[in-house]
Amino acid sequence: MSSGVRVAAVGDVHVDRDVVGRYRPALEELGDKADVLLLAGDLTRHGTADEAHCVAEEFGNLAVPVVAVLGNHDYHSDEVHLVTKILEDGGITVLEQSSTVLDVRGTRLGIAGAKGFGGGFAGKCASEFGEPETKAFIHHTRDVSNGLAAALQAVECDVRVALMHYSPVPDTLVGEPLEIYPFLGSYLLAQAVDSAPTALAVHGHAHAGTERGATPGGVKVRNVAHPVIKQAYNVYELTP
Amino acid sequence: MNEYTEGEVQQLLTEDPRTAEQGIRVVRTDDGVVLVGEVESPERCAQIESVLHEAFPGLKVRCDLGVTRVGVPQEVEQI
């Protein structure tokens, strides 16, 4: 293992009973490959307690800490608190506008996470204007983005990672239909990432997107949706 | 297949609890539809096909769906 901090990441694993055991052989090698595993949302298919137990079984008890955010699928059954509790009981740290710090051979790795939301990208996005439904949609994006910014700014660490489900940039959506970009992410998330000295931003959600991008402030963004990376997880090495 | 049926197929793939798939591309052909994308298990490919046959019995459905690989990464990207 080198002296940098190695971050493994995957999103959109959509675990149910039929998936349990599929990732496990690759996960058993994580201890040799990485220092932490990030799960970038859409851990389940419908956000049920049963599926959360399957996630905990598949991604729990690993050789490295596991840190997750939830995605839109994980909200579908309105059981977010229960899903979160089951994951946490299984040893998975779940972030939502919050952060955690891991000690990696003396380096403090700070991870701030939030689900994120849609709205679109600078100059081509929805605004808090008009019908209550439209205002609520963008208000939620703004709230989540502000919460992520606060978490990123507050975390005391040597190297900082932002973890989201929705995308902060359009770069990593290339391959998706342009018409659905506003439902895949928001530039307000990029603004949050750029508000602190962030080393890497990781997201999922865009199954047909592209792995690599960057925020306007130059922070590298990686789309780790499982169908994009086409392996159990990707590994990124960060040097403080 | 007309445009409205294409829309209904897309909505069904997402909203039917037996499928719950948002990442599958529906491609219209002269005589039906081709589904393109990746899912997390072989059972899900079969389930998607079955749900579509049930909802659209006269529609010719061809599935070009793969199961996303879960191999161990051999490379590390320096950030």
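Residue count for segment B:44-69, restricted to those that are of a type in the set (D, E, K, R) and under 17 Å from A:PRO227 (Cβ atoms): 3. Counting only helices (runs of 4 or more DSSP H) that fall entirely inside segment A:1-115 and contain at least 1 residues that are away from chain B (no Cβ under 14 Å), of a type outside the set (Lys, Arg) and within 17 Å of the chain's Cα centre (by Cα), the qualifying elements are A:49-59, A:80-89. Only residues that are within 9 Å of chain A (Cβ to nearest Cβ) and in contact (Cβ under 8 Å) with a residue 24 or more places away in the chain were counted across segment B:32-46, and they come to 7. Among residues of segment A:74-110 being surrounded by 18 or more Cβ atoms within 10 Å (Cβ to Cβ) and among the charged types (D, E, K, R), the one that is nearest to A:ASP143 (Cα to Cα) is A:ASP74. Right, A:SER145: assigned to a strand (DSSP E or B) and crowded, with 17+ Cβ neighbours inside 10 Å or not? No, not satisfied. The number of residues in segment A:1-16 that are out of contact with any helix residue (DSSP H, G or I) (no Cβ under 6 Å at 6 or more places or on another chain) and within 17 Å of B:SER41 (Cα to Cα) comes to 2. Annotation note: of B:VAL72, B:VAL26, the sole residue that is modelled with pLDDT of 95 or more and within 13 Å of chain A (Cβ to nearest Cβ) is B:VAL72. Quick one: count up the residues across segment A:221-240 that are outside any loop (DSSP other than H, G, I, E, B) and at the interface with chain B (Cβ under 7 Å from one of its Cβ atoms). Within segment A:221-240, residues that are outside any loop (DSSP other than H, G, I, E, B) and at the interface with chain B (Cβ under 7 Å from one of its Cβ atoms) number 7.
Which ones in segment A:186-204 are part of a helix (DSSP H, G or I), touching a Lys or Arg at 6+ places or on another chain (Cβ under 9 Å) and small (Gly, Ala, Ser)? The answer is none; no residue qualifies. If you check B:ARG18 against the conditions, is it assigned to a loop (DSSP other than H, G, I, E, B), in contact with a Lys or Arg (Cβ under 7 Å, 6 or more places away or on another chain), surrounded by fewer than 16 Cβ atoms within 10 Å (Cβ to Cβ) and within 14 Å of chain A (Cβ to nearest Cβ)? Taking the combined requirement at face value, the residue does not satisfy it.
Of all residues in segment A:191-204, none satisfies being buried (at least 23 other Cβ atoms within 10 Å of the Cβ), away from chain B (no Cβ under 14 Å), out of contact with any Leu (no Cβ under 7 Å at 6 or more places or on another chain) and more than 23 Å from B:ILE24 (Cα to Cα).
A:VAL169 meets each of the listed conditions (1) surrounded by 16 or more Cβ atoms within 10 Å (Cβ to Cβ); (2) assigned to a helix (DSSP H, G or I); (3) of a type in the set (A, V, I, L, M, F, W, C) apart from (2).
The values are calculated or read from the model by the stated rules, or taken from the named source; none is laboratory data. Since this is a predicted model, take the numbers as computed values, not measurements. Heads up, the Cβs are rebuilt from the backbone with ideal geometry, glycines too, and the neighbour counts pull from every protein chain shown.
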